[in-house]
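**Student:** There's a structure below that I have some questions on.
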Amino acid sequence: MKTSVELRAKADCPSHSRAYVGVRDLVFVIDEPVERGGANMGPTPTDMALAALIGCMNVIGHKCADRLGVDIGHLAIDASCAFDRRGVTLDEEVEVPFQSIILVVKSSGGASAEDLRRVGAEVEKYCPLSKLFGNAGTNLEVSWRND
């Protein structure tokens, strides 16, 4: 197994707000809402970052649960983020724009609270996007619970 791979993406950006991003054989749209001059054809870049964290928690959560032999079933993940907009509005440089993120991960499986705590501890070790946010200074708070 390779321990390092190159991730690639390309984008066609027909306007100041819209980007058609290609990854592998997939294309998706990143755009701003109408009130910020976009056409609201997709999530904003910051929305995508939060969504990527949710997706990563799901994937790594299932991998960790499988490794631990824990039944987490279906996950539902709610995210709330305190975002400092001064940087994106060009008012001021902001070192930690994603100030805090709270994730509530709800498991529909038969896992006990202790099993979910163990899964959460493993996810914290291995989830690359949670590492990205945490190492950037974001206060990341994740709670795992039964649905």
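The values are calculated or read from the model by the stated rules, or taken from the named source; none is laboratory data. Note that the structure is predicted; figures quoted are calculated from it, not measured. Neighbour counts run over all protein chains shown; Cβ positions are idealised from the backbone, glycine included. Heavy atoms of the whole protein, side chains included, go into the accessibility calculation; ligands, DNA and RNA do not. Shrake-Rupley method; radii C 1.70, N 1.55, O 1.52, S 1.80 Å.
**Student:** Considering only region 130-147, how many residues are closer than 23 Å to Asp71 by Cα and surrounded by 14 or more Cβ atoms within 10 Å (Cβ to Cβ)?
**Tutor:** Of the residues in that region, 4 qualify.
**Student:** Then there is this: Suppose we keep only residues that are more than 22 Å from Ala52 (Cα to Cα) and surrounded by 15 or more Cβ atoms within 10 Å (Cβ to Cβ) within region 75-119. Which one would you say is nearest to the chain's Cα centre (by Cα)?
**Tutor:** Of everything passing the filter in region 75-119, Arg118 is nearest to the chain's Cα centre (by Cα).
**Student:** Look at Glu122 and say whether it is modelled with pLDDT of 95 or more and open to solvent by 70 Å² or more (accessible area, probe 1.4 Å).
**Tutor:** No; evaluated as a whole, the condition is false for this residue.
**Student:** If you check every pair at least six apart or on different chains, which have Cβ atoms under 8 Å apart with a residue in region 121-137 that is under 8 Å from Ile60 (Cβ atoms) and in contact (Cβ under 8 Å) with a residue 40 or more places away in the chain first and a residue that is open to solvent by less than 50 Å² (accessible area, probe 1.4 Å) and polar (S, T, N, Q) second?
**Tutor:** Listed pairs, sorted by first residue: Val123/Ser130.
**Student:** Also: Within the set of pairs 6+ apart or on separate chains, which have a first residue in region 10-27 that is within 19 Å of Gly38 (Cβ to Cβ) and in a strand (DSSP E or B), a second that is of a type outside the set (A, V, I, L, M, F, W, C) and open to solvent by 100 Å² or more (accessible area, probe 1.4 Å), and C-beta atoms under 8 Å apart?
**Tutor:** Final answer for the pair search is Val21/Lys10.
**Student:** Residues to consider are Gly110, Gly87, Gly61; find the one that is touching an Asp or Glu at 6+ places or on another chain (Cβ under 9 Å) and within 12 Å of Val142 (Cβ to Cβ).
**Tutor:** Exactly one of Gly110, Gly87, Gly61 is touching an Asp or Glu at 6+ places or on another chain (Cβ under 9 Å) and within 12 Å of Val142 (Cβ to Cβ), namely Gly61.
**Student:** Which residue out of Arg145, Arg86, Arg118 is over 15 Å from Ile60 (Cα atoms), of a type outside the set (A, V, I, L, M) and in contact with a helix residue (DSSP H, G or I) (Cβ under 8 Å, 6 or more places away or on another chain)?
**Tutor:** Arg145 is the lone residue from the list that is over 15 Å from Ile60 (Cα atoms), of a type outside the set (A, V, I, L, M) and in contact with a helix residue (DSSP H, G or I) (Cβ under 8 Å, 6 or more places away or on another chain).
**Student:** Then there's this: Which residues, taken from region 18-43, are within 20 Å of Thr89 (Cα to Cα) and either open to solvent by 70 Å² or more (accessible area, probe 1.4 Å) or more than 21 Å from the chain's Cα centre (by Cα) (or both)?
**Tutor:** Passing the criteria: Val34, Glu35, Arg36, Gly37, Gly38, Ala39, Asn40.
**Student:** Quick one: Ile72 ticks every box in (1) within 27 Å of Arg18 (Cβ to Cβ); (2) surrounded by 14 or more Cβ atoms within 10 Å (Cβ to Cβ) bar one, so which box is it?
**Tutor:** It is condition (1) that Ile72 fails.
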